[in-house]
Each structure stands twice: as structure tokens, then as C-alpha cells.
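Values in this text are rule-based calculations from the coordinates and carry no lab data. Nothing here was measured: the structure is a model prediction, and the numbers come from that model. Here the Cβ is made from the backbone with ideal geometry for all residues, glycine too, and neighbour counts use every protein chain on show.
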Ligand code: SF4
Ligand code: SF4
């Protein structure tokens, strides 16, 4: 171990398989299909902030020829960049996960007023079941609230086609179009046929149209009227839109559904009549009423909120929905079948109790070191969104709140203001590099401006880890792997006015504890930047000079201190009293620790924790 | 129509294995849908991929009790997804163990009767030491191809098709080892099937 050299980030671009020339069907994920659909639609500018399950769209899109793609600092900026590109008359794309649209909601609502020049599509990738999210909000509500049409594909093949439809609609109706996926569309792979390349009907260039683009109240009031007219036209369009379609079958049961729920309905009730809404908003009320009048009973099957159901009921059509279908979590064909028929499918095998396997920080993860250090401080840890949120789990258990991107700083400061001087030394905020750039900077400004003393710990691991290692402004590399200006986090903190900014190595736990103690006690704002690369960035994975660690079994006293790190490489081996004796341990020693050489990454965090000096480098041991 | 459930631990090459299988099924003229989960769920946690094939596949998710084949890349994981299986299901289990946190920290033991538990349910169990087999094939990272080889014996696709897909999809320098691993996998399963009569 020793000094962690500051490694610049070279992201090697992988060229995508998705060839644009072949006409053969390809196996694509929903996200890959959306990227292809955007490319075939002639999209020139795409901007996004990474977020599961949306991330792969831009990662794939950026590999196409003749396009510009970027990681923006956050979703609001991403949407603004896409909107600007649309103003300049080119087709543009912004992609984000569901909670990202909360951040981008501000431009969204007014972009509905301005409308577009070049087609503008916004992807919202929702995450029912919260596979990788902090909530499972249903973003169809945004389409309604912002008065923007929304398309909802049910599989990769539709995802690609719907992109092309969305761009045509956007230009024809002068509106941004939302395309909503869910995890089971975004991360499902299916067969997709490549299609023809299309282009915008608009000419690129600067055009001054203040009555359309300057949303002063006087202009906005006029656009507001336009917006109503547009929605009326869209409602009419929905009636004949081919992707709103009825598949007639047995007329006893009629299902109204959209997105992936359509597939569950088809699997559970292959013979029933189905009204599939390719457009999730606005609704074709004529079509819905007509469909309802021709079936005995109407069922609305949708994940999460009763969005379709509420609107169908408002049309005066009676239907069954959420009294049968769960309003949280994902659906599947079995759940739908059971909900409608009331007959539970017999589970053949019940789950058996086995050890849980939760996600965990990797062996050698720099976050582990700093959170172990923080856990020694006995403070309230206002946390944030990233891999490091896993530090909330045992044995580190050192995160006490986690709400949304950037919230660590504001919430820590709010607690401090609530408690006054008593809070000194008792609260810290912890935030990752990418999250700090996303929306932590403004929180830090609040602390400085309003004379707080919060300690903010910024975890700089040179990447956006959780979403799959995207570069970000503080890594100085772009989405396509080009070297760019590195946004200096330390300089930002100083420029904001934080006088005490210290950079430390999170792998050196003892030193980190000392710095933490000094800074939390300081009655002034302070920032501690922990700098060490994520073990999964390519330079770290490729490095040859890794020195592994091992436990000398004869020295291990079985005190279990090292296990409190929670490193997956450190394993406890239990021994019986007889075995203990045979191994030369005291009879009451219950076991010993062992380091799994396949997993150890050589970070060295564990060695100084062992009071018995049992953990040493493998080199020293001569192995 | 068939349902294959791949499960294991993040980083074991499950996605590539399910991908190769998907391509082989497609080459054989079948429709497929494959569902996987990325993001937080991957960080060393339990990972599962659903692969469904047939003339026309709607839902991307296998229903509980409906998996025809389970391919478990890690022994303990074979038990975790038990509710997806039925009495006719076949279970291919890599006998490799990756210890979950509660085991490494000594809170609870790793169950030592995983295969017995599976067999106790009347399931057709095919235990494979895929790590050792991959080592013999010359590439310890080819564990996934050993298991694809085993799985291929149960699918309506010729071995040739699989080989062609591996040649198309696996980088040149790993090809030989992967083709060899696939062959080993098929042999292993052949022997197990013969032994089972
Ligand atoms: S290696 Fe050291 S810290 Fe870990 S159990 Fe043994 S004596 Fe305790
Ligand atoms: S065993 Fe020790 S040196 Fe190896 S990765 Fe874990 S904490 Fe780091």
C-alpha cells in the first residue's frame, strides 16, 4: 500500500454491436432499442444523467456515427440541453430514471408551453419494485400534470418503433413527447428489426420566435391556450392512433392495459379481448367507451397507480382495477391471473430459509474505509445516493438517512439548525463525487451562506459507480472517452467559501478518524474529500502491483475486530474447542479469520485494525 | 415453449451465458425474451436472469413454478429460487461456493446439504464442478461456458449452433478455451445423464 496515485480516467469506448447496416433482426434490450430508435429518427443531440434503469440508452447511442451524446451534471441540465437542441431545429433526446424527472420537472412543465422546433423526446425509466431506486413513483402522472403526450412501449421491439412515432408526433403536434419504460422493458432483451433512417422535417438553424420561446406571462398565457388546443388535437389523434388497438377475443372479459402489463395480460388470458394503449396519455375516450360497451366486464391492468383506471372511471365507464390488482411492486402473469380469477396458483415449493445475499461494497472499496472511520465517531450520518448507500447495512451500519440525490447536505444542515450548538460534532453529511456535482453544490452554498458548521464528506472515487462506472465532470473524461477539463471539486468547495477543505486517503483508517474528529468539532463549515479510485475502474482492475493481505493463523486471536469492516474477502472460520487446542489456540478461542486470496484486493484497510498484528502482506509472509 | 432461470452471484458471467443461450435459440428459429436486473442488485448480491423461448413469447418473466430448467452458478443460489421450480424441473448446479456476508462473518453456517435438499424435493439435480472443469479447459473464467454446455443438452438446439454463436460472440483470444469449455460441459452432462439412466 502507500500513496494512492491519482489516476486519470481513460475510458475505453466499446464499439457497439448494433450495426446500422444490417436489416436482420437483432437481440436488443429495451434501452439498446431506444438508442437505435433515436438514431433511426435522426436524433443529433442526446443528454442524460445516468440512472438505473435508463443508463444504457446513452451508452449505446453515443457509439452511433454523426451524433452528439453527453453525460450532463444532472437531469435538469440534460433536459435543458435537449430542449435547446430542439430550439435549434434538430431532433433531441433526454433520458433519465423516474426520480430524475423530478429534477427535470421544471423545464418539462414549461417546455410543454414553448413546444419544440426539432422533435424532442424525454425518456422516463420507471422502476416498479424498486430494484435499484429509493421510491417507485409512477411517472405517467407527469404526462397528465405537464400536459405532455406519453407513449408506453411494452417490449424492445415496440420501444424502437415508438421512438420513431414519438419524434413524428413531437414535430407534428409541436410538443415534447414522454416515452415511459419500466425495468422490465428497459432491461428485457427481445428481437428488434432495424428500420429506415428518418430525418427531422425542420431545418436546423437559429430562429427568433419570442412569442413561442420567451415565456413571459403575456406570451405564456397565449401558449397556455395553444396547449389546451394541442391536447384536444392529441385526444382526437389518440382515437385513430394505430398503437391504441383492440384485440378482440372472448367478450366476457375486456382488459384495458398498457406497457409491460399488456404482456402479462396476454400471457394470463390469451383468449380475452384487450384494449392496448400504446399511448399512455392522453386517452382515446371514444375507443374506450366503445370497447367497454362490447364486453361484459372491464378490467384495467396496470402497475403502480390507478392511472388508466381513474381516467376510465372519469369517463363514466365502470371497471375493476386496483381493488384487484396490487398498486405497488411489479406485476407478472401469475399475479394478474390470480387477481382476476381469485384462484391462487399452487406454489409447488415454498421458499426455504437460507442465508440472505444482499449487495455489498466490493473488496477493497474505498468507501468501506471511510465509513468504518465514520462509525467510530458516533455521529448522525446524513447519506446520499450511490454505491456507498450500502454502508447503511451491517456491519458498517453507518448511514442514518438517505432520501434523494444531493439531500445529504441539506438535511444535515437542517438538523444542525434545528438543534443549534448542541449539534456540533454530532452530524456529518456524506456524498459521492458525481452526486455532489449533480445537486450537492447548492446545499454546500447554503451552509456557507447561512453560517453553518456542518462537515461534508465528499467521496471521490473517480467514477459514477452504482450505475456502472460512467465518467462525470470531476473525472475529466466524457461519455465517449475523450479527455476534457476536469472539474475540480476541491476548488469548487474553496470558491464557495469553505475555508477548511482537506483531502485524505480513505484506505488509511486511523488517519481518517483523526481528521474526521478535528473537522466535526470545528464550529465552521468544513469539507473532507476522500480520494481513492473505485476498484472497478479499468486502471484499478488492470493494475499488476497488487499486494494481497493474509492472516497469519498462529497470530490470530479470534477477536473478530477485522470482521467489523464487512470486507467480503475476510472469512470467519469457526473451530471447536478440540480443534482450537490442536491449532495451538486457547481453548476458548471460537475461531479465526482468514483472507480469501481470490477476493482480496489489497487495499490494506484491515491490517492496522488487528491489534495482534496477525494481518500482513502476502509478500512479507513470503507467499 | 420453455423457461430457463439463470441464477448466481454478481460477476459470475451469468449475463453472457444467458446471452449465448438466447442467440442459439434465436438461430434455431425461436422467439425469446430475456429479463435481467442491473444497478444496485448487481453489487455482489444474488443475481437472476429469466429466459423464455417459444414460437411467440409475451411476458419476459417466468412465473413461480414454471421454470423448466434452473442453471445455478453458485450452490446456495440454487435453493433461493426454489419457488420458481416444479417437480419436473431440472436443476444444473455449479457446486462452487461463494460465501454470503452472514457466513463470512460467522453469523450462520453455509448449509452443507444443498444438493440433498434439492433431491429431497424430487428434483432432477445435475451437480457440476464447473470451476474445476473450466480450469481443465484452460480458463477459469469459462465457468459460464461449462454451464452453457450442460444446459445445451436439454434445449431444442444443435450443439453446432451453440458453437457457431460462441465463435461469433466471444473475443478471439478466449475462443479456444470457451469452445473447449462448452464441449466439456456437454460431456459432463452426458455422463450425468447416462449415470442417471
Ligand atoms: S485477524 Fe486480527 S482482528 Fe481479525 S480476528 Fe484475528 S486477531 Fe482479530
Ligand atoms: S482483505 Fe483486507 S486488504 Fe484485502 S480487500 Fe479486504 S480489507 Fe482490503
Cα gyration tensor of the protein assembly as shown - equivalent ellipsoid semi-axes, whole Å, descending: 44, 37, 25
Beta bridge orientation in region A:241-341: antiparallel %, DSSP, nearest 5: 25 percent
For region A:449-470 versus region A:36-61, the gap between their alpha-carbon centres in whole angstrom: 26 Å
Paramagnetic reach from residue A:500 (point 7 Å along Cα→Cβ, amide N under 20 Å) across region A:425-469: A:425-431, A:443-460
Cβ-based exposure ranking for A:467, A:55, A:347, in which fewest neighbours within 10 Å come first: A:347, A:467, A:55
Gain on full stretching of the segment that runs from residue A:109 to residue A:145 - 0.36 nm per residue minus C-alpha separation: 12.1 nm
Average partner coverage of A:464-470, which counts Cβ from other chains inside 10 Å: 2
Distance between region A:178-207 and region A:500-561 - C-alpha centres, whole angstrom: 44 Å
Ranking of A:507, A:500 by count of other Cβ atoms within 10 Å, fewest first: A:500, A:507
Mean Cα-pair separation over length for chain A, i.e. relative contact order, pairs under 8 Å, 6 or more apart, %: 12 percent
Gap separating the Cα centres of region A:90-146 and region A:258-283, nearest whole Å: 22 Å
Exposure proxy ranking, count of Cβ atoms within 10 Å, fewest first, for A:490, A:228, A:152, A:519: A:228, A:490, A:519, A:152
Label-point separation in nm, residue A:314 to residue B:183, each point 7 Å along Cα→Cβ: 6.6 nm
Computed Kirkwood radius, in angstrom, where 1/r is averaged over Cα pairs of region A:366-540: 15.9 Å
Prolate/oblate/rounded label for region A:57-170 (Cα gyration tensor, a/c 1.5): rounded
Label-point gap, in nm, between residue A:518 and residue A:239 - each point 7 angstrom along Cα→Cβ: 7.4 nm
FRET efficiency, 1/(1 + (r/R0)^6) with R0 25 Å, evaluated for residue B:136 and residue A:356 via beta carbons: 0.15
Cα gyration tensor shape of chain B, rounded if a/c is under 1.5, else prolate or oblate by comparing a/b with b/c: rounded
Neighbouring partner chain Cβ atoms per residue of B:101-113, average, 10 Å criterion: 6
Relative contact order (%) - region A:544-619, alpha-carbon pairs under 8 angstrom, separation at least six: 48 percent
Percentage relative contact order, region A:79-207, counting C-alpha pairs under 8 Å, at least six apart: 31 percent
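I'd like the FRET efficiency for residue A:547 and residue A:426, computed as 1/(1 + (r/R0)^6) with the beta carbon distance as r and R0 of 35 Å, rounded to 0.05.
0.40
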Contour excess over end-to-end distance, with Cα ends at residue A:252 and residue A:587 and 0.36 nm allotted per residue: 113.2 nm
Shielding by other protein chains, A:108-118, mean Cβ within 10 Å: 0
